[in-house]
Amino acid sequence: MSLKREKQTYMFMLSHKTNTLYIIIKMDVEKVFQMKGGIGENSYWKNSSLQKRAADKVKHIITQAMEEMYVQKKPKSIGIADLGCSTGPNTLSNIKQLVHTVLLHPQPQPEFRVFLNDLPTNDFNTLFQSLPDFYTQLNPVRRIYIAAYPGSFYGRLFPDHSLHFIYSSNSLHWLSKIPAGIYDEHGFSINKKSIYISERSTQEVSLAYLKQFQHDFSLFLKSRSQELVCGGRMVLILLGRTGSHHADRGNSVFWEIMYRSLSIMVDEGEIDEEKLESYEVHFYAPSKEELEDEVRKEGSFKMDVLEMFQNENENDIIIDADMSYGTAVAKTVRSIQESMLANHFGDSILDKLFQHYATLLDQELSAANHHINSMITTVLVLTKL
């Protein structure tokens with residue numbers, strides 16, 4: 001059974017193995033989801049090199065978009081927003097790159113208004129502790145003002161026409177919530193034996209995820225269209241897929257391994273099966289056509305660039321020579337997913353869970369002759385009409 005109170009859904013679930021009654025509260029993503037804060041071993045700060053390398057591959061596209069905007073608009077005060085900035089070193093590196101692009105031009109130096117946005121749960125403190133070193137690196141930039149803007153980017157964040165450049169990397173594949181369409185009339189998931197779209201998922205599940213993406217991305221575009229000046233640019237980097245098949249091997253394999261890791265812990269008695277079957281992820285990797293359709297339907301932007309490229313495998317992530325590919329990926333995934341997993345299952349399972357994850361991924365890599373289909377990254381450049 002289920003009941004609704006204050007926008008939360010409560011499900012009462014009886015375990016057949018232990019005869020335990022669970023009360024499961026469907027997660028409020030905005031209040032729970034966050035990258036792992038701090039600078040510890042499992043932090044996003046220490047485990048975001050894969051995301052940086054993906055952004056570095058399109059550095060020329062990012063700088064060209066900023067340069068074209070600046071030459072065209074010549075603003076005396078430039079508003080820049082990084083949406084989904086997280087807490088790692090990547091966001092300040094990106095801002096420095098954008099500022100230096102502007103400084104290559106001989107015009108009088110403008111002021112820079114930089115807004116770092118993420119969910120209210122984000123560890124902004126760790127990010128801001130690195131600002132003194134950042135300012136030193138930016139010398140002789142005289143006027144740069146950096147502020148945090150907590151809140152979901154699936155809605156308005158900034159005043160009308162206050163921004164010239166918006167940047168978002170590795171954020172827009174996260175949905176605002178788990179799609180309502182994957183639950184039946186009693187509040188139970190219809191996506192059996194899966195935590196994301198898999199080969200076992202029904203068409204109904206795939207369509208539910210697609211509809212949630214369409215709703216979210218349309219709202220994102222509408223909100224940004226009101227905040228950007230005409231001629232402003234937006235660069236979006238997110239995971240995607242190359243075909244129409246939703247269970248794309250490049251993305252789904254990592255979620256499949258997570259499900260298998262959790263299933264091992266069910267077999268070990270660490271997790272109840274009913275609790276596993278109530279866990280889903282708020283992720284969606286759109287195709288090129290799905291992105292184009294939403295930009296066209298919203299109508300406020302001209303698409304200048306839409307490119308897709310394949311991320312590399314082992315050489316793209318391993319930092320420690322003594323660390324296996326599976327372990328390195330497990331650390332990256334943990335820094336991203338720990339908050340959601342701990343909220344649903346408790347944090348006592350995390351160490352063992354990601355040991356299983358690393359082992360399974362290394363086995364998968366070995367069975368595939370050291371080649372797993374890599375995830376696809378998409379980059380879009382949009383100009384406000």
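The values are calculated or read from the model by the stated rules, or taken from the named source; none is laboratory data. Note that the structure is predicted; figures quoted are calculated from it, not measured. Note that each Cβ is placed from the backbone with ideal geometry, even for glycine, and that neighbours are counted across all protein chains shown. Accessible surface areas use protein heavy atoms only, side chains included; no ligands, DNA or RNA. Shrake-Rupley method; radii C 1.70, N 1.55, O 1.52, S 1.80 Å.
Overview of results
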item: Computed FRET value (nearest 0.05) for Glu292 with Arg156, which takes r as the C-beta separation and R₀ as 22 Å; result: 0.35
item: Radius 15 Å from Cβ of Cys230, net charge of other residues (Lys, Arg +1; Asp, Glu -1); result: +2
item: Probe 1.4 Å, accessible area per residue of the chain, Å²; result: 44
item: Tilt relative to the chain, helix 203-227 - C-alpha long axis, 0 to 90 degrees, to 10; result: 20
item: Percent accessible area from carbon and sulfur atoms, segment 20-175, protein chains only, probe 1.4 Å; result: 53
item: Long-range Cα-Cα pairs in segment 111-150 (distance over 16 Å), rounded percent; result: 39
item: Positive dipole terminus of segment 49-145, leading residue within Asn125, Leu98, Gly88 (C-beta point charges); result: Leu98
item: DSSP-defined beta bridges in the chain - what % are antiparallel, rounded to 5; result: 55
item: Rounded if a/c under 1.5, otherwise prolate or oblate - segment 141-264, Cα gyration tensor axes; result: prolate
item: 0 to 90° range, to nearest 10: angle between helix 59-73 axis and the chain longest Cα axis; result: 40
item: Cα-based helix-to-principal-axis angle, 350-367 vs the chain, degrees rounded to 10; result: 90
item: Segment Ser244-Asp362, extension gain: residue separation times 0.36 nm, minus the distance between their alpha carbons; result: 39.7 nm
item: In Hz, Karplus ³J(HN,Hα) per residue of segment 231-248 (6.51, -1.76, 1.60; θ = phi - 60°; x = Gly, Pro); result: x, x, 10, 9, 10, 10, 10, 8, 6, x, 9, 8, x, 7, 6, 6, 7, 5
item: R0 of 22 Å, Cβ-Cβ distance Glu270-Met323: FRET efficiency to nearest 0.05; result: 0.35
item: Gaussian network model of the chain, springs between alpha carbon atoms under 10 Å - residue of Leu127, Leu104, Leu306 with greatest fluctuation; result: Leu104
item: Contact order relative to length of the chain, as percent, for alpha carbon pairs under 8 angstrom and 6 or more apart; result: 20
item: Dipole moment magnitude, nearest 20 debye, the chain about Cα centre, only Lys, Arg, Asp, Glu C-beta charged; result: 1440
item: Rounded percent of accessible protein surface that carbon and sulfur make up, segment 190-234, 1.4 Å probe; result: 56
item: For the chain, calculated [θ]222 nm from helices alone, where every DSSP H run of n ≥ 4 adds -39500 (n - 2.57); result: -12500 deg cm²/dmol
item: P(r) tail fraction, segment 37-106 - alpha-carbon pairs more than 20 Å apart, %; result: 37
item: Shape call, segment 324-385: gyration tensor on alpha carbons, a/c limit 1.5; result: oblate
item: Contact order relative to length of segment 170-214, as percent, for alpha carbon pairs under 8 angstrom and 6 or more apart; result: 38
item: Net length gained if the chain between Asn139 and Ser348 were fully extended (0.36 nm per residue, minus Cα distance); result: 70.7 nm
item: Candidates Phe254, Phe134, Phe158, ranked by Gaussian network fluctuation over the chain, Cα under 10 Å, top entry; result: Phe134
item: For Tyr183, residues with placed amide H under 5 Å, excluding near neighbours; result: Ile190
item: Longest to shortest principal axis, alpha-carbon extents of segment 196-305, angstrom; result: 58, 26, 22
item: Largest to smallest principal axis extent of the C-alpha atoms in segment 213-369, angstrom; result: 56, 35, 28
